[in-house]
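Student: Attaching a single structure in structure tokens format; questions to follow.
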Amino acid sequence: MNNSADDIQSFFDHYEAIFNHSLQGEPDVDMITSCFATCFVEASPKGIICGENDENFKKAIPNGYAFYRNIGVTAMKIISKEVSSLDSLHTMVKIRWKMLYKKQEDVSGAIEFDVIYFLQKMNNAFTIFSYITGDEELALKQHNLI
């Protein structure tokens, strides 16, 4: 199998579009869950979290996007991407995101941060099986969003 740059670009273009669509209205839970493996691992300053792509995950998704909307997040933009092919099935991708927010009519801004994703390509499709994030809560506090 081939982990081509075009396929990875298409995956993250799709992921970014789904995220932004979900910020504007009702999240497409099935589209979001299709981006994740049946189980996945998150690593952050809060520790390691093992997640399952199950009904509980589907129920949590709308709450996550509602949180972002409530604190004023208006868009998520990919500003850079570093791709490292690990083998024929696995790829590591470091994404530099820009989170745009608007708190009030005259208060807006952006927060840039990195997320490292680990993808697996099975049945000709990528899924996220792990990701590493920084301290999102601290960044949101520093920008007075929470």
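Student: To make sure I understand, if each residue's beta carbon is the centre and we count other beta carbons within 10 Å, what order do THR91, THR33 fall in, fewest to most?
Tutor: Result, fewest neighbours first: THR33, THR91.
Student: Oh, and also: So between ALA43 and ALA66, what do we pick up on full extension, going 0.36 nm a residue minus the alpha carbon distance? Can you show the working numbers first?
Tutor: On the way: separation 23, 0.36 × 23 = 8.28 nm, distance 2.25 nm.
Separation in residues times 0.36 nm, less the Cα-Cα distance, equals 6.0 nm.
Student: On to the next question. Quick query: amide H of SER130 versus all other amide H atoms, modeled in the peptide plane; which residues come in under 5 Å with a sequence gap of 5 or more or a different chain?
Tutor: VAL41, PHE118
Student: Would you calculate, for the chain, the mean residue ellipticity at 222 nm contributed by helices, counting each DSSP H stretch of 4 or more residues as -39,500 (n - 2.57) and dividing by all residues, to the nearest 500?
Tutor: Roughly -10000 deg cm²/dmol at 222 nm, from the helical runs in the chain.
Student: Only Lys, Arg, Asp and Glu count, each charged at its Cβ (+1, +1, -1, -1), so figure out the dipole size of the chain about its Cα centre, rounded to 20 debye.
Tutor: In debye, rounded to 20, the chain gives about 300.
Student: Work out from phi, with θ = phi - 60° and the Karplus expression 6.51 cos²θ - 1.76 cosθ + 1.60, the ³J(HN,Hα) of each residue of the stretch 83-97, listed in order in whole Hz, and give x for Gly and Pro.
Tutor: 10, 10, 6, 8, 6, 5, 10, 10, 9, 9, 10, 9, 9, 9, 9
Student: From the phi of every residue in the stretch 31-38, what ³J(HN,Hα) in whole Hz does the Karplus formula 6.51 cos²θ - 1.76 cosθ + 1.60 yield, where θ is phi - 60° and glycine or proline is x?
Tutor: Going residue by residue, I get 5, 5, 5, 5, 7, 10, 5, 4 Hz, with x marking Gly and Pro.
Student: Please tell me the relative contact order of the stretch 5-142 in percent, rounded to the nearest whole number, where contacts are Cα pairs under 8 Å and at least six residues apart.
Tutor: Reported as a whole number, the value is 23 percent.
Student: 5 Å is the cut-off here: which amide hydrogens, built 1.01 Å from N in the peptide plane, fall below it relative to ILE146, excluding neighbours closer than 5 in sequence?
Tutor: Correct list: LYS141.
Student: Measure out, as a whole number of angstrom, how far apart the alpha-carbon centroids of the stretch 72-89 and the stretch 17-69 sit.
Tutor: 16
Student: In whole Hz, with x marking every Gly and Pro, tabulate ³J(HN,Hα) for the stretch 121-127 from phi via Karplus 6.51 cos²θ - 1.76 cosθ + 1.60, θ = phi - 60°.
Tutor: Karplus-based 3J(HN,Hα) across the stretch 121-127 equals 9, 10, 6, 6, 9, 7, 9 Hz.
Student: Treat each spin label as a single point 7 Å out from the Cα along the C-beta direction, and report the VAL29 to ALA75 distance in nm.
Tutor: 2.9
Student: At a Förster distance of 35 Å, what's the computed FRET efficiency of VAL107 paired with SER10, Cβ-Cβ distance as r, to 0.05? If you can, show how the numbers build up before the last one.
Tutor: On the way: r = 35 Å, r/R0 = 1.01.
Efficiency, from the Cβ-Cβ distance: 0.50.
No lab work stands behind these numbers, since they all come straight from the coordinates. What you are looking at is a predicted structure, and each value in this text was computed from that prediction instead of being measured. All Cβ positions, even for glycine, are placed from backbone atoms using ideal geometry, and neighbour counts span all protein chains on display.
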